[in-house]
Amino acid sequence: MRTKPFACLTIAVGVLLLGLWIAQPPATRANGEKDDEKGGHAHVPAPFEYADAHMPLSLWTDQATIARGKEIYAVRCAVCHGDSGDGKGPAGVALPLKPSDFRDKAGVAEMRDNYWIWRVSEGGQVEPFKGKGSAMPPWKGELTVQDRWAVMAYQHTFSGHQGPHVPWEHPESVVVGRDIYAMACVACHGVEGRGDGSVGPTLSPRRAPQPRDFTTGEFKFRSTPSGQLPTTADLFRTVTEGVRSSGGAMTIGLRGHRIMPSFRHMPEEQRLEVIEYVKSLNRAFWERQEIKTVNVPAPPLVTAERLARGKQLYADAECLACHGERGRGDGPSAPTLKDSRELPIAATDLTQPDRFKNGARPEDIYRTLVTGLAGTPMPSYADSLEPDQAWDLAYYTLSLSNNRRRTAETMR
């Protein structure tokens, strides 16, 4: 009678791992190549510099913005893209990479606003457009961001789309990421991204951490101040590195004590695609007006004096209440700790840096100290520690490791 549950568990693990390792949609789909006769849209993911550049929602239908975009388009864009946006302007017909046909409703629906602002800003000076022979000039030096947004809003009218250019209006723009999510993420994070997948509860039964609910604004691993959403680069780091933590039977075999596996094996473009889909589950990513990130200065040299100051700060900041005097996660408050879901949560064992969820480099510890870990008892010390003090505490934290030699190499 005991073999049946074990067999079911084995099958479940096999299905999960199969989904994780075969998340490889066809290359042509992932790169979004379209027929060159329609302008050869290349819907590759926008780089980190532009990944969080989402156009304010109100501007897509603002008539003054559209009118301004029409003026700019007539002077700078129509010569190649045509007066009607068909990509057949007098200068465009002879180009090796045909200008986009903005009347192509299906093609335009696949374009994301961050891709669009990247394309308008950098023109054909970046890959993959440069290698395809694009002659589009970069407009970032001649047009303000507001003017580039205005051109985007006007170009959007050629295809007959109404409303803002966002994933919930244009699901085609995140279809590649949705397919990857369905294969690699849904078992833990759920169909709607609420952290309620069928496998999730077995990862760490009745305890934290549990799979992230992407529909809320609570993300632990960020380079942004406490209470704010992460950047695309933050999400990319988490997807790439996975999440280190001990868990239940379903985590056996996940390399490096990870409760969420590393997707380093997945092509970078596909990681970015699935992140765009994850962002589409939370409209707040498009509603935030400004993105601030915490500054992580260059790590200073480690000295005995710095470690001594860090030890004193460790006591003064009451780190030992949770993490214990020797950093083993056995402080007097540790048994009572709960996360925002009221689930018991363990204080991190600081003697095991290879299990730190947010990374174990000095820069990672510094970032964790100043941003905190949202939804957990770990607070942000941004308002209570000066940068040099944060480095003192970060280095002392790493000095608590059982593997002194490895930690010393990490701090170099």
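Bear in mind these aren't lab numbers, they're just calculated from the coordinates by the rules spelled out. Worth saying up front: this structure is predicted, and the values here are computed from it rather than measured. Note that each Cβ is placed from the backbone with ideal geometry, even for glycine, and that neighbours are counted across all protein chains shown.
For the range 191-287, rounded, prolate or oblate, judged on the Cα gyration tensor with a ≥ b ≥ c (square roots of eigenvalues), a/c < 1.5 rounded, else prolate if a/b > b/c? Before the final figure, lay out each step's value.
Values: a/c = 1.71, a/b = 1.36, b/c = 1.26.
Prolate is the answer for the range 191-287, as a/c is 1.5 or above and a/b outweighs b/c.
Looking at the calculated P(r) for the range 277-409, what percent of the C-alpha pair distances fall above 26 Å? Mind showing how you got there, number by number?
Working: 2285 of 8778 pairs.
That tail contains 26 percent of the Cα-Cα pairs.
Name the long-range amide H neighbours of residue 258: under 5 Å, sequence gap of 5 or more, or other chain; modelled H, no Pro or chain starts.
Those lying under 5 Å, H to H, from residue 258 are 245.
Beyond a 24 Å Cα-Cα separation, which of these cross-linked pairs lie in this structure: 105/140; 130/292; 98/140; 279/357; 70/105; 70/279? Intermediate results must be reported in sequence, preceding the final value.
Numbers: 105/140 26 Å; 130/292 31 Å; 98/140 21 Å; 279/357 21 Å; 70/105 19 Å; 70/279 30 Å.
Beyond 24 Å between Cα atoms: 105/140; 130/292; 70/279.
Kirkwood hydrodynamic radius for the range 97-215: how many Å is it when counted over pairs of different Cα atoms? Could the numbers behind the result be given before it?
Values: mean 1/r = 0.0590 Å⁻¹.
16.9 Å is the Kirkwood radius here.
Output the peptides 68-74, 322-328, 138-144, 387-393 sorted from most to least packed, where packing is the average of other Cβ atoms within 10 Å over each peptide's residues.
On the way: 68-74: 17.3, 322-328: 18.9, 138-144: 13.4, 387-393: 20.4.
Per-residue mean Cβ counts within 10 Å order the peptides as 387-393, 322-328, 68-74, 138-144.
Placing unit charges on C-beta atoms (Lys and Arg positive, Asp and Glu negative, everything else neutral), compute the dipole magnitude of the range 28-165 about its Cα centre in debye, rounded to 20.
Details: 16 positive and 18 negative charges, 24 e Å.
Dipole magnitude for the range 28-165 comes out near 120 debye.
Please report, in debye to the nearest 20, how large the charge dipole of the range 191-287 is about its Cα centre when each Lys and Arg carries +1 at its beta carbon and each Asp and Glu carries -1 there. Don't jump to the answer; show the numbers that get you there.
Numbers: 14 positive and 11 negative charges, 99 e Å.
Dipole of the range 191-287, to the nearest 20 debye: 480 debye.
Can you tell me the relative contact order of the range 191-287? Whole percent, Cα pairs under 8 Å, sequence separation 6 or more.
Values: 119 pairs, mean separation 25.2, N = 97.
Dividing the mean separation by the residue count of the range 191-287 yields 26 percent.
Looking at 214, 199, 239, which one has the Cα that reaches farthest to the positive end of the dipole of the range 191-287 (charges on Cβ: Lys, Arg +1; Asp, Glu -1)?
Selected residue: 199.
Could you sort 282-292, 126-136 so that the peptide with the highest average Cβ count within 10 Å comes first and the rest follow in order? Display every interim value, and only then the final one.
Values: 282-292: 13.0, 126-136: 15.2.
Taking the mean over residues of other Cβ atoms within 10 Å, the ranking is 126-136, 282-292.
Pairs of alpha-carbon atoms within less than 8 angstrom and 6+ residues apart define the contacts here; what relative contact order does the range 85-216 have, in percent? Don't jump to the answer; show the numbers that get you there.
Details: 146 pairs, mean separation 25.5, N = 132.
Across the range 85-216, relative contact order equals 19 percent.
Taking a ≥ b ≥ c as the square roots of the Cα gyration tensor eigenvalues, with a/c under 1.5 meaning rounded and otherwise prolate when a/b beats b/c, else oblate, which class fits the range 28-165?
rounded
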